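Here is the structure we will look at.
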Amino acid sequence: MTQGANQSRIGVLAIQGDFSAHALALEESGAKALEIRKPEEIDGIDGLILPGGESTTMLKFLERSGFLDALKDFATERPVFGTCAGIILLAREVRHPAQVSLGLLDAVVERNAYGRQIDSSILVGPSELGAEPLEMVFIRAPRILETGPEVEVLARRDGFPVLVRQGRIMAATFHPELSTDRRVHRLFADIVSNSSQPGGIG
Ligand code: GLN
């Protein structure tokens, strides 16, 4: 665990959605969590989480305030992790219905692919994060329909990727912040601390 002066500073986009659960999960993973509400606030952070919530609502806010371009610039150098609505913001293409996205993750994503809110579910399954099965909380989750060649799949549901990594970009269609297992946030915190070191991944 990194602490003190070397501790990574990871922002959580705090416009809407479950940002406080992410902040807690980050703190439990050894990082310093900061709530981000303005584009200029991302200058001081080493990595950023785009949380679950309602992607259309987040997008309206991001488009109004010039935040979308700031996020694209940020992701050229620093790690970004999108969960649920966050992966919808990161994807190359969004369907059902189509909407604007950042195009930072080489994936095609279908919104609300598993039905209505009442169909949300908790699954436990294998992942690349270790032998222990991973709990995955799905809430009106999107489905990853396609991924590009640089996208590494870390967990699947019914054969479809649910946890992926493309270099410094990470994304999950579920909500790891709502489980007590911290392996997913620890992986992101590691990506952030490696990339902010000289000679790191970027
Ligand atoms: N269904 C939401 C959307 O399309 C995402 C749900 C979530 O983040 N839990 O934006």
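The values are calculated or read from the model by the stated rules, or taken from the named source; none is laboratory data. Quick caveat, the model's predicted, so the values are computed rather than measured. Glycine gets a Cβ as well: all are built from the backbone with ideal geometry, and neighbour counts include every protein chain shown. With ligands, DNA and RNA removed, areas are computed over all heavy atoms of the protein, side chains included. Shrake-Rupley method; radii C 1.70, N 1.55, O 1.52, S 1.80 Å.
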Starting from residues that are within 16 Å of the ligand (Cβ to nearest atom) and at pLDDT 95 or above, keep the ones in segment 1-18 and report whichever is surrounded by the fewest Cβ atoms within 10 Å (Cβ to Cβ). Ala14
Could you tell me how many of the residues in segment 175-201 are open to solvent by 40 Å² or more (accessible area, probe 1.4 Å) and touching a Gly at 6+ places or on another chain (Cβ under 7 Å)? 2
Kindly check whether there is at least one residue in segment 172-180 that is out of contact with any strand residue (DSSP E or B) (no Cβ under 9 Å at 6 or more places or on another chain) and more than 16 Å from Gly52 (Cα to Cα). no
Could you tell me whether Ile144 is among the β-branched types (Val, Ile, Thr) and within 11 Å of the ligand (Cβ to nearest atom)? no
Residue pairs, Cβ under 6 Å, 6 or more apart or interchain, first in segment 52-64 and over 13 Å from Cys84 (Cβ atoms) and among the aromatic types (Phe, Trp, Tyr), second more than 6 Å from the ligand (Cβ to nearest atom) and open to solvent by 10 Å² or more (accessible area, probe 1.4 Å). List them. Phe61/Ile15
In segment 28-64, anything part of a helix (DSSP H, G or I), crowded, with 17+ Cβ neighbours inside 10 Å and within 16 Å of the ligand (Cβ to nearest atom) is listed as Ser55, Met58, Leu59, Leu62
Residues being part of a loop (DSSP other than H, G, I, E, B) and buried (at least 24 other Cβ atoms within 10 Å of the Cβ): count how many of those fall in segment 131-174. 4
Restricting the search to segment 65-85, which residues are within 16 Å of the ligand (Cβ to nearest atom) and either among the hydroxyl-bearing types (Ser, Thr, Tyr) or loosely packed, with under 14 Cβ neighbours inside 10 Å (or both)? Thr83
Reported set for segment 101-125 where residues are open to solvent by less than 60 Å² (accessible area, probe 1.4 Å), at pLDDT 95 or above and not basic (Lys, Arg) is Ser101, Leu102, Gly103, Leu104, Leu105, Asp106, Ala107, Val108, Val109, Glu110, Gly125
